[in-house]
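I have placed the structure first, in the form of structure tokens, so that the comments after it can refer back to it.
The values are calculated or read from the model by the stated rules, or taken from the named source; none is laboratory data. Source: prediction; values computed, not measured. Note: ideal-geometry Cβ built from the backbone for every residue, glycine included; neighbour counts use all protein chains shown.
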Amino acid sequence: MNARRTALLGLAALALALAGIAACSRSHDDAAAANPLRPVRVAPVTLAALGDGVHAVGLLTPKDEARLSFKVGGVLESVRVEEGAQVRAGQLLAVLRQAEIEASVEQARQSADKTARDLARAQALYADGVATLEQVQDLSTAARIAAAAQRSAEFNASYARIVAPADGVVLRKLAEAHELVQAGQPVLVLGGAGRGWIVRLGLADRDAVRVRPGDAARVSFDAWPGRAFAGRISNVASSADPATGTFAIEVRVEPGDARFVQGLVAKVTLSPQNQQIVNILPVQALVEANGNEASVFVLDPARKVVRRVTIRIGRMNDGEVEVLEGLAAGAEVVVDGAAFLENGEAVRIAADDGRVPARAG
């Protein structure tokens, strides 16, 4: 009776043990089902040229721009053109009142005539032995000085009128009739289209060092929406403007059949010929970014775990970001599913290989 009882107790204990093992197995399976490996998609860090052009805004202006003024000061009698007027080479544009200028010329002429007469009398007296050689020499010098003063006055009088030096358009009118203008004070700004049109830009140093004369440019204007004009850099300043700290860039632009006018605002994209090859990763790989610092999750392909890495980033363009420090080409970073990852977490590469195709370098 006791033996039978002992056997029944043993069977009961065995049944309980098996039930416990089964319960533990189900619990483990349930836990595994409740916490599967997180699926992620990854992309490699690639070596390529970051395809960002240099973007800037500038003003359209003729290549030839002349600031026209009088050589002498005086009262402005008339300005015979208005802003926007087309002018021809040699056309009279502005005139000073001539009364004072003509008086100066007449004074110089009379002075030259008097010294010439004085010299002639002294030479006659010298021939008669009355005047000395020194007196003749002094009067000869005075006559030459007076003649030079007459030529100077006549030359200045010829520049009391402004004529167009070439065909062009009046860009700005800076003075009106009856105003007193000083010698050299600009009265008109004339633009000549003979040497074409340019867009003047100001670039920061980090962009100025990337471009050079001959680089292609794409220019657009609000006046012609949806239309792009071909351009090319014609000049890059060798030093910065002390006032703005920017480098002056000139972009020659072809108008085609468009009628360009001075002062149009141009949006310009410059394409440097020699773009630097850098490490690039998709911008969606960034988990956090603060200035030039950012964090990404890097896949350990052998262990299928991810680790969080802090990197330094540079320029961004069209969904890509430049990696300055922290990652080498070929490293695989998580681009989808990184938001909820933890450092050292095991992951599962999503279906369809899970890798974002690398762009061609």
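What to note about this one:
- Test: residue in the range 241-257 that is touching a strand residue (DSSP E or B) at 6+ places or on another chain (Cβ under 7 Å), surrounded by fewer than 12 Cβ atoms within 10 Å (Cβ to Cβ), farther than 27 Å from Q86 by Cα and not assigned by TED's automatic domain parsing to the domain that holds E65: no
- Leading residue by the ranking (surrounded by the most Cβ atoms within 10 Å (Cβ to Cβ)) among those in the range 296-347 that are among the small types (G, A, S) and in contact with a Leu (Cβ under 7 Å, 6 or more places away or on another chain): A329
- One residue from V199, V209 being within 27 Å of the chain's Cα centre (by Cα), surrounded by 16 or more Cβ atoms within 10 Å (Cβ to Cβ) and of a type in the set (A, V, I, L, M, F, W, C): V199
- The range 216-225, residues that are of a type in the set (D, E, K, R) and within 13 Å of V253 (Cβ to Cβ): R218
- A108 touching a residue at least 40 places away in the same chain (Cβ under 8 Å), crowded, with 17+ Cβ neighbours inside 10 Å, assigned by TED's automatic domain parsing to the domain that holds E154 and out of contact with any Phe, Trp or Tyr (no Cβ under 8 Å at 6 or more places or on another chain): yes
- Where G129 falls short, out of the listed (1) at positive phi; (2) of a type outside the set (S, T, N, Q); (3) touching a residue at least 12 places away in the same chain (Cβ under 8 Å): (3)
- Residues in the range 90-105 that are in a helix (DSSP H, G or I) and without any contact (Cβ under 8 Å) to a residue 24 or more places away in the chain: A99, A103.
- Where a residue in the range 221-232 is under 16 Å from W197 (Cα atoms) and at pLDDT 90 or above and its partner, wherever it lies, is of a type in the set (K, R) and assigned to a loop (DSSP other than H, G, I, E, B), with Cβ under 8 Å and at least six apart: F221/R227
- Close pairs from the range 318-341: first more than 19 Å from V40 (Cβ to Cβ) and of a type in the set (S, T, Y), partner surrounded by fewer than 20 Cβ atoms within 10 Å (Cβ to Cβ) and modelled with pLDDT of 90 or more, Cβ under 8 Å, at least 6 apart: none
- Leading residue by the ranking (surrounded by the most Cβ atoms within 10 Å (Cβ to Cβ)) among those in the range 54-105 that are of a type in the set (G, A, S) and within 30 Å of L139 (Cβ to Cβ): S104
- Residue that is farthest from the chain's Cα centre (by Cα) [pool: residues in the range 253-299 that are free of Cβ contacts under 8 Å to residues at least 12 places away in the same chain and outside any loop (DSSP other than H, G, I, E, B)]: E288
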